[in-house]
Every structure is written in structure tokens, then in C-alpha cells.
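Asker: Handing you a structure now.
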Amino acid sequence: MSIFLFFVGSWLMAVGRYTWAYFSVPGNVVKRWNAFSVLFLSCFSLILVTFAQNFSILMKKQLNLKVENLKKITEQHILLSLVAPNGDMPEIKAGQFVEVKVDNAPTVFLRRPISVHFVDYAKQRLDLLVALVGDGTRKMATLSVGDEVSVLLPLGNGFPMPTKAGAKCLLVGGGVGIAPLLYLGDRLKAAGHQVSFLLGARNAGGVMLEDEFKKFGSLYLTTEDGSVGEKGFVTNHSILEKEQFDEIFVCGPTPMMKAVAKYAYAKNIECYVSLENKMACGLGACLCCVTEDNKGHNRCVCSEGPVFNINELPWQN
Ligand SMILES: Cc1cc2nc3c(=O)[nH]c(=O)nc-3n(C[C@H](O)[C@H](O)[C@H](O)COP(=O)(O)OP(=O)(O)OC[C@H]3O[C@@H](n4cnc5c(N)ncnc54)[C@H](O)[C@@H]3O)c2cc1C
Ligand code: FES
């Protein structure tokens, strides 16, 4: 609530200041109104974002989880294990994400969206694989066992399960985009489908958690320098020519997802991608995460995605 009041106060002050400055210098009326509406809209959307995040707490989508373990996986990645002390971990679908509140970080106002890496219901544990890229994620890496973390969950739609029995599924990930694929592999295997992972990294140092992935399916690797697995990008791997898959699920950098989508279009394979547009509220309120679909409509990645069928996206060309 204090952050909410801070936002409202500081943005109202900013609007006042800019409006006064703008109207005190000469200029035409249309330009003045444009400037005013931009300021008004940005102020309004920030208030909305903060309100939505606080409102969702009232809607009981918020849990205070406890840090059970924090493991450094590489120089740039941590595995954060959080437990629900009251045994109230909600049902979570593979591909859904959470919004993590980062405490004691003065530059980090909004929660950070992180994919669900794994859920162990028996232990009431949620795992997050986090790449340390900025203030928010680096602050997460300083958490200690027993610390409380406020998490909004589960958010987004998740990957759909194949309708065909025993479907041959290829799960393709690049960089930290491998995060949602472990839990997806677990869910697919539990539903009787055949799972293969095709994971790409820049070099051997970026290859993570191989033994975990092998628990749920075959593992194929590529590195750009050829230090582990086949050399090149995931789309260069020989498995794509050797095997025929029924469904493909992808998460990673957009150029990689587009390249895999091109392969899927060409082979007429059902393919789902998980987009990682920048987000603020994570709840469909602020519209800062929209992406254009193949009909020219803006789609909210946080609430209508992050998973989309490639046929919904303008990626055909
Ligand atoms: C649905 C979804 C799921 C995600 N899942 C994961 C995950 O499982 N693990 C993980 O490590 N990260 C994930 N991300 C990305 C993660 O949210 C950002 O890396 C994080 O918010 C950065 O916060 P920061 O404060 O550390 O960095 P900031 O200071 O906010 O930014 C640091 C740098 O990271 C870049 N950045 C910020 N947000 C994103 C983003 N959404 N995508 C790409 N680059 C970004 C910024 O442009 C900047 O260059 C996910 C994002 C989305 C939208
Ligand atoms: S992040 Fe606010 S609408 Fe998607």
C-alpha cells in the first residue's frame, strides 16, 4: 500500500510540474493536449498497475512463500526453491508464471515475472530458475534460507496438453528459456506422452541442469561453439531431420522461437511458443505486454499468454 501511495503521489506531482511547465511556455493547443494526454495516460497506467497488483492480493492470488534453498547453477543463474509453509500451493499448469516481489531493492518497484520451473506438490515446493540480469534478479540472489517472498501465482495460461495419446513431443529451449520446460516435461510424461528436450546454449558454461531434464525424456544439446552437443543453433540439430514429432513447445529468445516456428510450419507440426514480453502488472490491467496477433489485434501476453499457438502469431513469413 505504501508503494501504491508513493506512485500516486509522485506521479500526480510530476503531472502538475510538467503541466505547469508546458503551459507557461508558448506552443500550439494540439501539441499541449498531446503532451498532457501522454502524461495523463502514463500516470493513469502506473496507478492502475500498482492498484491491480494490490487488488490481486485481495483476490488471494498472493502467497508468502519461504526460501527453502538457493543454489548457484552458473555464474549468472540461480535455482530458487520456495515452499508454502501452510500447504496451500495452488494448482499450477506448466508454462504459467509467477510475479515475485523484490523487497529491500529501492530501484525495483514492480514484481518480476518468472516462469514456473518445477512444482513438487508433495513437498509444497516451487522452483524458479532465474538469470541474474538486473537489480531485481540480482537482489533475488541475495535471499537467505527462511526468508519470506511474496509471490503472485499462478499467472497466464500455460501449455496445452496434446490431445493425441502418446504424442511425440519436442520441447525446445534456449538460454533461460529452458526454465518452463522441466515442469512441462514432467506433466507430459505423467500424461503418457513421449518427451524429447532440445536445449541450446552459447557454450558449455550455459548448459544447465542436464540430469534434471534427463529424468523426463531424451536430451539433445547444441552450443554455438560446439563445446557440448552439436555445434550451432537448436534448429541445426540433426534430430529435427531424423525424427517426426507430433507437437513442439518452445521458449527462448524470439529469433530462436521464430526459427523453430518456421520449421514447424514447414512440417505442419502443432507448435506452441511462450513469449517473454516485458511486463508490469502481469494481470492484464496495464497493457504494457501486448503483442500483435495474425489478425492485427493486440493480445495481452500476461493474461492471454504467455503461451500462444504459432498459428495465432504473424510469424508465417
Ligand atoms: C512470462 C515471463 C516469464 C519469465 N520467466 C523467466 C524465468 O523463468 N527466468 C528468468 O530468469 N527470467 C524470466 N523472465 C524474464 C525476467 O522477468 C526478467 O529478466 C526480469 O524481470 C528482469 O528483472 P531485473 O530487475 O533483474 O532486470 P531489469 O533491471 O528490469 O532489466 C535488466 C535487463 O533485463 C532486460 N529484461 C527485463 N525484462 C525482460 C524480459 N521480460 N525479457 C527479456 N529481457 C528482459 C532489460 O531489458 C534489461 O536489459 C520472464 C519474463 C516473462 C515476461
Ligand atoms: S503486464 Fe500489465 S497487462 Fe500484461
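Readers should treat all values here as calculations from the given coordinates under stated rules, not as data from a laboratory. Owing to the predicted nature of the structure, the values given are computational and were not obtained by experimental measurement. Don't worry about glycine lacking a Cβ; one is built from the backbone with ideal geometry, like all the others, and counts go over all protein chains shown.
Asker: Along each of the three principal axes of the Cα atoms of the range 249-317, give the extent in whole Å, ordering the values from largest to smallest.
Answerer: 37, 24, 17
Asker: Using the Cα centre of the range 60-155 as origin and beta-carbon charges of +1 (Lys, Arg) and -1 (Asp, Glu), tell me which of Gly95, Ile78, Tyr121 is placed farthest towards the positive end of the dipole.
Answerer: Farthest towards the positive pole: Gly95.
Asker: Which distance in nm do the two modelled labels at Asp135 and Asn268 give, with both placed 7 Å along the Cα-to-Cβ direction?
Answerer: The modelled label-to-label distance comes out at 5.3 nm.
Asker: Here is a follow-up. In the calculated pair distance distribution of the range 168-274, what percentage of Cα-Cα distances lie above 17 Å?
Answerer: Beyond 17 Å sits 46 percent of the P(r) for the range 168-274.
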